[in-house]
Amino acid sequence: MTEQRAEFVALARQPGANRRALCRHFGIAPATGYKWLQRYAAEGPVGLQDRSRRPHQSPAQTAPAIERAVLALRAQHPTWGGRKLRVLLARQGVQPLPAASTITAILRRHDRLDPAQGAGQPRALRRFEHPYPNALWQMDFKAGWPCGPGRCHPLTILDDHSRYALGLVACPNQRTATVQAHLITAFQRYGLPDRLLVDNGSPWGHHPAHPYTPLTVWLRRLDIAVSHSRPYHPQTLGKDERFHGTLERDLGRQPPRPDLASWQTAFDAWRQEDQPGAPP
């Protein structure tokens, strides 16, 4: 392109050149041709190079102070995205409050999104969401963490519609009685779900020869349907698995805790922090 402009300018600057005819020959408007002649006269060959098309003024551009606030919050919460950070900005009284998509764009512009996590990338799987709270709960145990001489087994219960963490409990084991006790607490606080989605592990395991366990029988007596994920398809419990990933990044890399009570204290604080817009 620059070579064509240089050729046009060289021909147009010759004595007696018909500049309008040259414009037609090169397929440009007369105004464009005279623009290149003026730039060449003022700057020489450098004036024929492409210039930035960025506007001189961007009235809708996010203010630098807001960008700094976004980046500061992201540094404090490196796993949080635009929606959660927007809640904290609102609490700080930031005005004008940027949209969640704007915050995500700021994070992307400053390389704060990890490409390995697929941030901002198209999803390969189709997302589904139940139409109202308590239509479906997802429940699972996350892989255990060191806890004194034993292990802490985090039991997670998530509402499919809102993604609200209904339960995050430090359990000493994965037995039926333990899960049942914590489910009773959740039922008393949030009501009964229409259906519970679980995997095929203990204590809600599913096998064609033994389709029911004491826990699933108890749930069916409460008129709660129970569904199991397909074997080796963790994406069926995708929302809970995603929750486990965030939990692991935020708490799993910390030093081991001495007992279940200290784990539960950490869980309770993290659960409220990770859901800044949710009620306690």
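If one computes P(r) from the Cα atoms of the range 1-86, what percent of pairs lie at distances over 14 Å? Value for the range 1-86 (Cα pairs over 14 Å): 73 percent. This ranking places F128, F243, F26 by how few other beta-carbon atoms lie within 10 Å of each, fewest first, which gives F128, F26, F243.
Available extension along the chain between E248 and A177 is 23.0 nm, counting 0.36 nm per residue and deducting the alpha carbon span.
Taking the DSSP beta bridges with both ends in the chain, the antiparallel portion is around 70 percent. Straight-distance candidates among the lysines for linking to K142, with alpha-carbon spacing under 20 Å and chain neighbours fewer than 8 residues away dropped: K239. Between the amide H of H130 and those of H161, distances stay under 5 Å, these residues lying 5 or more places away or on another chain, with hydrogens modeled in the peptide plane. Farthest towards the positive end of the charge dipole of the chain, among the residues A42, A17, Q95, is the Cα of A17, using unit charges on the Cβ of Lys, Arg, Asp and Glu.
Just tell me which aspartates and glutamates come within less than 19 Å, Cα to Cα, of K35; anything on the same chain fewer than 8 places away is out. Leaving aside aspartates and glutamates fewer than 8 places away in the same chain, those within reach of K35 are E3, E7, E43, D50. Here the Gaussian network model covers the chain, with springs between Cα atoms less than 10 Å apart; of G252, G238, G191, G191 fluctuates the most.
The Kirkwood radius of the chain, taken over pairs of alpha-carbon atoms, gives through the Stokes-Einstein law at 37 °C and 0.692 mPa s a diffusion coefficient of 138 µm² s⁻¹. To the nearest ten degrees, helix 2-12 and the longest principal axis of the Cα atoms of the chain are 20 degrees apart.
Bear in mind these aren't lab numbers, they're just calculated from the coordinates by the rules spelled out. Only a predicted model underlies this, so the values are computations on that prediction, with no experimental measurement involved. In this analysis, Cβ positions are derived from the backbone assuming ideal geometry, glycine residues included, and neighbour counts consider all displayed protein chains.
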